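> The structure that follows is given in the form of structure tokens.
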Amino acid sequence: MSVFLNAFLPDTDPSSKLQVVDRGLSKQSAEASASPYKLIEEEDIRELVKPRMPFSHKGTYGHALIIAGEIRTMGAAMLAAKGCLYGGAGLTTVSIPETGLTALNSALPEVMFLERKQLIKMKSLKKYNAIAIGPGIGKLLDGMAVLEGFFALKRPVIADADALGLLGEHQDLLYHLPKDSILTPHVKEFDVLFGQHKNWWERLQTARMEAKKLGTVIVLKNQFTFIIDQQGDVMINQTGNPAMAQGGMGDVLTGLVAAYVAQGYSAKAAAILACYFHGKAGDELAKDNFSVTASQVAEEIPKTVKRFIDLRSGN
Ligand SMILES: NC(=O)C1=CN([C@@H]2O[C@H](COP(=O)(O)OP(=O)(O)OC[C@H]3O[C@@H](n4cnc5c(N)ncnc54)[C@H](OP(=O)(O)O)[C@@H]3O)[C@@H](O)[C@H]2O)[C@@H](O)CC1
Ligand SMILES: Nc1ncnc2c1ncn2[C@@H]1O[C@H](COP(=O)(O)OP(=O)(O)O)[C@@H](O)[C@H]1O
């Protein structure tokens, strides 16, 4: 039976009722030859996910830098760092205001610290395999200079939350975003970036056009998150549930995306794996919990991934 795009949107439009969604990333439906709308299935994840290798070490799994947090939202930085750590990055460094350092060392002793002033010394950033910016940074002093620096270096970034606000205010900068960057807006942040939309169908069409134009991956977050790749194809994530509707959940997702980029996955694969396992961890927790916290989701990720790999390989 055909699946139509309409089923994954919170509102309706006559056009979305006509769009057939392909089941799986490489299959084609009988009705639509190569529909741009594709449902992510377990099989796709099995093909993407790589095992931890014998003789591997922390260097094998990359070094991620997370630029996040300010006085009132230091928790966002902790949650993003936690997502990255539990997502399996070899090393995680977080750049937060120094006032958060004691909290960081107490809560996440595995995570390293980089002074904010180091961010404009671009040479010191070369060692990072993934750079994420945005959760809880507020109006980071020098935020623009930091972004301009990354863009001049042509280093892809993962931009979330307040970094998206900055890009929305400075559209000239948005169009200098390095190729293969990943933007992770929720609906309001999306409209700040690309203008107000009448409904989700229109928003998706803009996302497809902008992802192609910018050469970036857009992760448009919702109950069913849409991952739009550089070709304008839309991958629909089916994991996740309303128990996850709590602050900080997106911060964990940003850290998780950074973890997968650091481990060497492409921007598209990193976004797909992060959304899938983030939602799946939330689904597993929701079996026993009415609501789940962002911290719980981060901590559940390694178990979720392990169970998924073991189940698929028949262990
Ligand atoms: N512990 C910490 O330090 C935390 C720090 N955080 C950090 O704080 C910063 C600002 O975050 P924020 O929540 O104040 O603003 P923002 O996310 O723009 O929401 C504004 C309004 O938009 C809407 N809306 C939001 N999401 C939506 C969705 N998925 N789907 C639909 N609508 C959605 C909703 O409006 P409503 O629908 O209620 O009218 C909401 O009230 C940011 O950097 C973040 O990383 C948080 O992560 C929390 C934990
Ligand atoms: N009802 C839901 N079903 C599935 N996923 C959800 C639901 N509510 C929230 N999420 C997930 O939680 C995350 C919320 O992100 P975001 O709005 O940026 O949160 P925050 O800014 O508080 O960190 C997204 O990944 C979204 O898909």
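> Among residues belonging to the range 166-175 that are part of a helix (DSSP H, G or I) and not small (Gly, Ala, Ser), point out the one that is surrounded by the most Cβ atoms within 10 Å (Cβ to Cβ).
Within the range 166-175, the match that is surrounded by the most Cβ atoms within 10 Å (Cβ to Cβ) is Leu167.
> Let me confirm something: among Gly255, Gly247, which residue is within 14 Å of ligand 1 (Cβ to nearest atom) and under 14 Å from the mean Cα position of the chain (by Cα)?
Of the residues listed, the single one that is within 14 Å of ligand 1 (Cβ to nearest atom) and under 14 Å from the mean Cα position of the chain (by Cα) is Gly255.
> If you scan the range 191-238, which residues turn out to be away from ligand 1 (no atom under 14 Å from the Cβ), more than 14 Å from the chain's Cα centre (by Cα) and part of a loop (DSSP other than H, G, I, E, B)?
Within the range 191-238, the first condition is being away from ligand 1 (no atom under 14 Å from the Cβ), and the residues that meet it are 194-195, 198, 201-202, 204-218, 227-236, 238.
When the remaining residues are screened for being more than 14 Å from the chain's Cα centre (by Cα), the result is 194-195, 198, 201-202, 204-215, 230-234, 238.
Of everything in the range 191-238, those that are away from ligand 1 (no atom under 14 Å from the Cβ), more than 14 Å from the chain's Cα centre (by Cα) and part of a loop (DSSP other than H, G, I, E, B) turn out to be Gly195, Lys198, Gly215, Gln230, Gln231, Gly232, Asp233, Gln238.
> If you don't mind, there's one more thing I want to ask. Within the range 11-129, considering only strands (runs of 3 or more DSSP E) that don't extend past its boundaries, which have at least 1 residues that are among the β-branched types (Val, Ile, Thr) and within 26 Å of Gly248 (Cβ to Cβ)?
In the range 11-129, 63-67, 91-95 are the strands (runs of 3 or more DSSP E) which contain 1 or more residues that are among the β-branched types (Val, Ile, Thr) and within 26 Å of Gly248 (Cβ to Cβ).
> Which residues, taken from the range 231-270, are within 6 Å of ligand 2 (Cβ to nearest atom) and out of contact with any His (no Cβ under 6 Å at 6 or more places or on another chain)?
Gly240, Asn241, Pro242, Met244, Ala245, Gly247, Gly248, Met249, Gly250, Asp251 - these are the residues of the range 231-270 that are within 6 Å of ligand 2 (Cβ to nearest atom) and out of contact with any His (no Cβ under 6 Å at 6 or more places or on another chain).
> Something else now. Please find, within the range 176-190, the residue that is surrounded by the fewest Cβ atoms within 10 Å (Cβ to Cβ) out of those that are within 16 Å of ligand 2 (Cβ to nearest atom) and part of a loop (DSSP other than H, G, I, E, B).
His186
> Just name the residue that is farthest from the chain's Cα centre (by Cα) out of those in the range 100-134 that are of a type in the set (Val, Ile, Thr) and farther than 17 Å from Ala80 by Cβ.
By that ranking, first place goes to Thr102.
> Criterion first (within 22 Å of Lys38 (Cβ to Cβ), modelled with pLDDT of 95 or more and either in contact with a Cys (Cβ under 7 Å, 6 or more places away or on another chain) or among the basic types (Lys, Arg) (or both)) does Lys188 satisfy it?
No, not satisfied.
The values are calculated or read from the model by the stated rules, or taken from the named source; none is laboratory data. If you're wondering where the values come from, they're calculated on a predicted model, not measured in any experiment. FYI the Cβ positions are ideal-geometry reconstructions off the backbone, even for glycines, and counts take in every protein chain you see.
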